[in-house]
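Structure record follows, encoded as structure tokens.
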Amino acid sequence: DLRLRPSGNKGPIATSIQSFLKYQRDSAWTWEHMALTRARVVSGDAELVSQARSVFGEVLNRKRDAAKIATDVREMRMRIEQEKKPAGIWDLKLAPGGLMDIEFIAQYLRIVAAGENVAVRPGETRTLDIVKALAPTMIGHEEAERLVSALKAFTELSQIIRLCIKEEFDPEKAPAALEDLVLRVVDLPDMATLEEHVRKTEADVRSIFNHALPEPKDEETG
């Protein structure tokens, strides 16, 4: 997305690797480092590929103030929630406790891992891989398993829904064949049970989000 380049729409489309490093090191905001957790090399000569990966590693493996990063990530998530209102529980990307919550948890864990002395394997950029690698140590094995389960279910459901219909998903208006598909994904007997499952899962993911990214405590109350 060229709108996300460092200088915005008025800046150059391409920049030197050293300029990129300087910007990421000195000027980038937390949300830009969140985006960098997803960065991967698509093409380039061997030297450029090596330099790019070195930049990713240097920036992401710095030790951070976990409390500040948590505040930044939480504020970004709440801003998106206000500006892009989810259509309902079936808006599996934007709904509170949906895919975006899981993605933000993963990005937060990746950014603060070095400060928590948690090793990160180079090249792990997928949300699923980051959750599997970092969440068990950083937020708990049980929570990690629930996040993985939610991520897989929401991803498969959202992909099926997007491929089959253009409008928002409405269980009451969904064709029978689509109902069969989505029920098969989660191995549930009927749409009422699926809806309850989605509600509970989103509530659980939001609870894990709040646990993983705690709000700062009031200094006066401790």
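The values are calculated or read from the model by the stated rules, or taken from the named source; none is laboratory data. Keep in mind the model is a prediction, meaning the values are calculated, not measured. With ideal geometry, Cβ positions are generated from the backbone for all residues, glycine too; neighbour counts draw on all protein chains shown. The accessibility values were calculated without ligands, DNA or RNA, using every heavy atom of the protein model including side chains. Shrake-Rupley method; radii C 1.70, N 1.55, O 1.52, S 1.80 Å.
Can you tell me which residue in segment 186-197 is least open to solvent (accessible area, probe 1.4 Å), limited to those that are part of a helix (DSSP H, G or I) and over 16 Å from Ile161 (Cβ atoms)?
Thr193
Yes or no: Thr137 over 15 Å from Ile102 (Cβ atoms), polar (S, T, N, Q) and open to solvent by 40 Å² or more (accessible area, probe 1.4 Å)?
Yes: the conditions hold for Thr137.
Do the conditions hold for Thr127, that is, is it open to solvent by less than 50 Å² (accessible area, probe 1.4 Å) and of a type outside the set (Gly, Ala, Ser)?
yes
Considering only residues of segment 155-169 that are under 17 Å from the mean Cα position of the chain (by Cα) and open to solvent by 50 Å² or more (accessible area, probe 1.4 Å), which is nearest to Glu202 (Cα to Cα)?
Glu156
Output yes when any residue across segment 54-77 is at pLDDT below 95 and hydroxyl-bearing (Ser, Thr, Tyr), and no when none is.
Checking segment 54-77: at least one residue is at pLDDT below 95 and hydroxyl-bearing (Ser, Thr, Tyr).
Quickly run through segment 134-169 and pick out the residues that are among the hydroxyl-bearing types (Ser, Thr, Tyr) and closer than 17 Å to Pro86 by Cα.
Correct list: Thr155, Ser158.
Can you report the number of residues in segment 132-182 which are touching a residue at least 24 places away in the same chain (Cβ under 8 Å) and touching a Pro at 6+ places or on another chain (Cβ under 7 Å)?
Counting residues in segment 132-182 that are touching a residue at least 24 places away in the same chain (Cβ under 8 Å) and touching a Pro at 6+ places or on another chain (Cβ under 7 Å) gives 0.
Quick grid of which residues meet (1) assigned to a loop (DSSP other than H, G, I, E, B); (2) touching a Leu at 6+ places or on another chain (Cβ under 8 Å); (3) surrounded by fewer than 13 Cβ atoms within 10 Å (Cβ to Cβ):
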residue	(1), (2), (3)
Ala133	no, no, no
Arg146	no, no, no
Ala150	no, no, no
Pro171	yes, yes, no
Asp180	no, no, yes
Arg184	no, no, yes
Arg199	no, no, no
Ile208	no, yes, no
Lys217	yes, no, yes
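Would you call Ile139 β-branched (Val, Ile, Thr) and touching a Phe, Trp or Tyr at 6+ places or on another chain (Cβ under 7 Å)? Walk me through it before giving the result.
Details: β-branched (Val, Ile, Thr): yes; touching a Phe, Trp or Tyr at 6+ places or on another chain (Cβ under 7 Å): no.
Against the criterion (β-branched (Val, Ile, Thr) and touching a Phe, Trp or Tyr at 6+ places or on another chain (Cβ under 7 Å)), Ile139 does not qualify.
Look through Ile69, Ile139 and report the one residue that is farther than 29 Å from Lys22 by Cβ and among the hydrophobic types (A, V, I, L, M, F, W, C). Can you show your working first?
Working: Ile69 fails: farther than 29 Å from Lys22 by Cβ.
It is Ile139.
I'd like the full set of residues that are hydrophobic (A, V, I, L, M, F, W, C), crowded, with 17+ Cβ neighbours inside 10 Å and over 11 Å from the mean Cα position of the chain (by Cα), limited to segment 85-124.
Ile89, Trp90, Leu92, Ala95, Ile111, Val112, Ala113, Val120
Which one of Lys93, Lys84 is free of Cβ contacts under 8 Å to residues at least 12 places away in the same chain, basic (Lys, Arg) and over 15 Å from Thr30 (Cα atoms)? So that I can check it myself, show each step before the final result.
Details: Lys93 fails: free of Cβ contacts under 8 Å to residues at least 12 places away in the same chain.
Checking each option against the conditions leaves just Lys84.
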